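Below is one structure; the comments refer to it alone.
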Amino acid sequence: MSTARSTASRSRRTCCAATGVDFTRVRNAENRVSEWPTGGENLSVTSWTVQPASVDSPVAVAVIRDYLADIIARHYGRPATPQEVDLAISEDPTDDLAVFFTGGRGPVVEGCAGYRFVNPGTAELKRGYVRPEARGTGGGAALPAAVEESAVSSGATSIRLDTRADLVEARALYARHGYREVAPFNHDRYAEHWFEKRL
């Protein structure tokens, strides 16, 4: 069972997407606010709130299963089966994440992201996902920003991730937010592109 670290639980994050500019705001325990311009193109004003959640909570389990069903369906070109989702969870469990976040524009969880440490200075972004109906509303900026801020507070100096070639939107999102392609750092059978960002 994974629990959020105290540094993450003291923060509340809101992403406000306005005409031409998308900002992620972080209010920490000292009541200071940080902002990251993210170049959003959404013309409607929306707000994302991101907060830590236990990975075995009902809302976390539900959004993780939705994430896996989505990427499995895209890989095979058909809906995922519950058995395929169960297998994906067993092959790449989430219970070793240092912190896991859920978020949305209101009380309904519309996305998630978390990270694990692969060594004391390097975090790995995992389970980055925004539900299809909420894409383009700021979650793609808010969730990684929350992960990065928490990872830095826990000692990370870089963060990395892997993704598939067919997840074109994800690759474009990470490149837009400062991640650069690097040489392969694992042998995951689904990994086709590897990214890293200095924090």
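The values are calculated or read from the model by the stated rules, or taken from the named source; none is laboratory data. Being a predicted model, the structure only gives us computed values, none of them experimental. Reconstructed Cβ throughout: ideal geometry from the backbone, glycine too, with neighbour counts over all protein chains shown.
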Filter result for the condition that a residue is modelled with pLDDT under 95 and either over 17 Å from Val182 (Cβ atoms) or not aromatic (Phe, Trp, Tyr) (or both), over Pro120, Pro144:
Pro120
Is it the case, given these coordinates, that Gly139 is out of contact with any Cys (no Cβ under 8 Å at 6 or more places or on another chain) and over 18 Å from Ser54 (Cα atoms)?
no
For Val59: the one exception among (1) surrounded by fewer than 23 Cβ atoms within 10 Å (Cβ to Cβ); (2) part of a loop (DSSP other than H, G, I, E, B):
(2)
Mind checking which pairs have a first residue in the range 180-197 that is touching a residue at least 60 places away in the same chain (Cβ under 8 Å) and a second that is surrounded by 15 or more Cβ atoms within 10 Å (Cβ to Cβ) and in a loop (DSSP other than H, G, I, E, B), Cβ under 8 Å, 6 or more apart or different chains?
Tyr190/Arg164
Under 7 Å between Cβ atoms, which residue pairs at least 6 apart in sequence (or on different chains) link something in the range 53-71 that is of a type in the set (A, V, I, L, M) with a partner that is in a helix (DSSP H, G or I)?
Ala53/Val59; Ala53/Ala60; Leu68/Val85; Leu68/Ala88; Leu68/Ile89; Ala69/Val85
Under 6 Å by Cβ, and 6 or more places apart or on different chains, what pairs join a residue from the range 118-143 that is under 15 Å from Gly103 (Cβ atoms) with one that is of a type in the set (Ser, Thr, Tyr) and modelled with pLDDT under 95?
Thr137/Thr46; Gly138/Thr46; Ala141/Thr24; Ala141/Thr38; Ala142/Thr24
Just a yes or no: is a residue in the range 62-70 more than 22 Å from Asn186 (Cβ to Cβ) and loosely packed, with under 13 Cβ neighbours inside 10 Å?
no
Please go through (1) surrounded by fewer than 16 Cβ atoms within 10 Å (Cβ to Cβ); (2) in contact with a Gly (Cβ under 8 Å, 6 or more places away or on another chain) for Ala134 and return the number of the only condition it doesn't satisfy.
(1)
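Please pick out the residue among Ala88, Ala80 that is in a loop (DSSP other than H, G, I, E, B), touching a helix residue (DSSP H, G or I) at 6+ places or on another chain (Cβ under 9 Å) and farther than 21 Å from Ala145 by Cα. Don't jump to the end; show me each part of the working.
On the way: Ala88 fails: in a loop (DSSP other than H, G, I, E, B).
From the options Ala88, Ala80, the qualifying one is Ala80.
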For the range 159-171, check the following and say yes or no: at least one residue is over 23 Å from Arg105 (Cα atoms) and of a type in the set (Ser, Thr, Tyr).
yes
Residue under question is Leu68, and the condition is that it be closer than 17 Å to Thr163 by Cα, modelled with pLDDT of 95 or more and assigned to a helix (DSSP H, G or I); does it hold?
yes
Considering Pro107, Pro120, which residue is closer than 14 Å to Val63 by Cα, surrounded by fewer than 22 Cβ atoms within 10 Å (Cβ to Cβ) and out of contact with any strand residue (DSSP E or B) (no Cβ under 8 Å at 6 or more places or on another chain)?
Pro107
Cβ-Cβ below 6 Å, separation at least six or inter-chain, first residue in the range 88-105 and of a type in the set (Lys, Arg), second buried (at least 24 other Cβ atoms within 10 Å of the Cβ): which pairs?
Arg105/Trp48
